[in-house]
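The values are calculated or read from the model by the stated rules, or taken from the named source; none is laboratory data. Predicted model only: the values in this text are computed from it and were never measured. Neighbour counts are summed over all protein chains in view; Cβ atoms, including those assigned to glycine, are modelled from backbone coordinates with ideal geometry.
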Amino acid sequence: MKNIKDYNLEELKEQLKLLEEKPFRAEQIFKWLYVDKVKSFDEMTNLSLELRKKLALNFDICNYTIVKKLESVDGTKKYLFGLSDGNAIESVLMEYHFGKSVCVSSQIGCKMGCKFCASTGIPFIRNLTSGEIVEQILAIEQDTDLKVSNVVFMGIGEPFDNYDNVINAIKILNNPKGLNIGARHISVSTSGIVPKIYEFADADMQCTLSVSLHSANNQVRSSMMPVNSAYNIQELIQACKYYINKTNKRISFEYALAKDNNDNLKDADELIKLLKGMLCHVNLIPINKIENGKYTKSSLENIMKFRDYLNNARYSCNN
Ligand code: SF4
């Protein structure tokens, strides 16, 4: 049986029509699921008993169990959720001055094999459904009694390798009758699946797009990210320019600095030339050494030099 949270509001209306029910019932169900956050059809008390039975016969309601929860000193909470098929996924709640942000996973495991990523050792099992993506936010809201204001697709998985389910999850998250998280508060991060960047630009979802770049040099980037062998930097930048022209939105380029790999001023210079004239931001991240990984964190001095070099060339960057 399909999880009722896999349907966006329009799809749910169609499902109700198939059950010979009035489509407006979908809005009532949406409210029960995403505003009242009930866990069973029985709790949807403004629906007739007959309809509640019909729903239970035709749909599941996915509810997660918390397998593990870790809280760090800065208040960040890391959740491991148990899924109905026995798999588990990770989500992270971060509290910022601007609101509560959840970093969601989009797949169980990941195929992309980025050499600096701790998830690389986790074999790909399957895509998450839209409902399983949305449930991460719901389960965290239920656990903390907080309202999540921002969602970032930066957890385990490549969101554009599960494109349709991610787009549908955004429609559910974004619906004012559901979780009502503004599209501008939803950020999708890709390792650089070029055809999907074009598709995402054409879909005009109004979300923020982050692209993991990490080097302006094909040789260096290919050694860090196998996806670069399929779609090289020039193809990636062309797609990003299309996205910016089409949406008039700024792209955030992620750049993880690894010692003696991509962190010297020659690398910064190549980056400046590559991004020349683009509406973008560079997000510098000190790389975290992973078990058996070859990359180590850049020195603070190198990070500052790199940042200052970009800032002097009038590039917007953090850190
Ligand atoms: S795409 Fe993301 S999750 Fe997958 S290996 Fe690369 S960094 Fe890790």
For the list (1) more than 16 Å from the ligand (Cβ to nearest atom); (2) within 17 Å of MET154 (Cβ to Cβ), I need the number of the one condition that ALA201 fails. (2)
If we scan segment 94-104, do we find a residue that is touching a His at 6+ places or on another chain (Cβ under 8 Å) and at positive phi? yes
Just a yes or no: is a residue in segment 195-218 farther than 30 Å from LEU265 by Cβ and touching a residue at least 60 places away in the same chain (Cβ under 8 Å)? no
Among the residues of segment 259-281, which ones are in contact (Cβ under 8 Å) with a residue 24 or more places away in the chain and closer than 16 Å to MET224 by Cβ? LYS259, ASN261, ASN262, ASP263, ASN264, ASP267, GLU270, LEU271, LEU274
Tell me the residue from LEU51, LEU57 that is surrounded by fewer than 11 Cβ atoms within 10 Å (Cβ to Cβ) and not in a strand (DSSP E or B), please. LEU57
Tell me, which residue of segment 107-153 that is part of a loop (DSSP other than H, G, I, E, B), within 9 Å of the ligand (Cβ to nearest atom) and of a type in the set (Gly, Ala, Ser) is surrounded by the fewest Cβ atoms within 10 Å (Cβ to Cβ)? GLY113
Any residue that is surrounded by 20 or more Cβ atoms within 10 Å (Cβ to Cβ), within 12 Å of the ligand (Cβ to nearest atom) and assigned by TED's automatic domain parsing to the domain that holds HIS281 - is there at least one of those in segment 169-180? no
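Rundown of residues vs (1) closer than 27 Å to PHE30 by Cα; (2) of a type in the set (A, V, I, L, M, F, W, C); (3) assigned to a strand (DSSP E or B), yes/no style:
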{"site": "ILE170", "(1), (2), (3)": "yes, yes, no"}
{"site": "ASN180", "(1), (2), (3)": "yes, no, no"}
{"site": "ARG184", "(1), (2), (3)": "yes, no, no"}
{"site": "GLY192", "(1), (2), (3)": "no, no, no"}
{"site": "PHE200", "(1), (2), (3)": "yes, yes, no"}
{"site": "VAL211", "(1), (2), (3)": "no, yes, yes"}
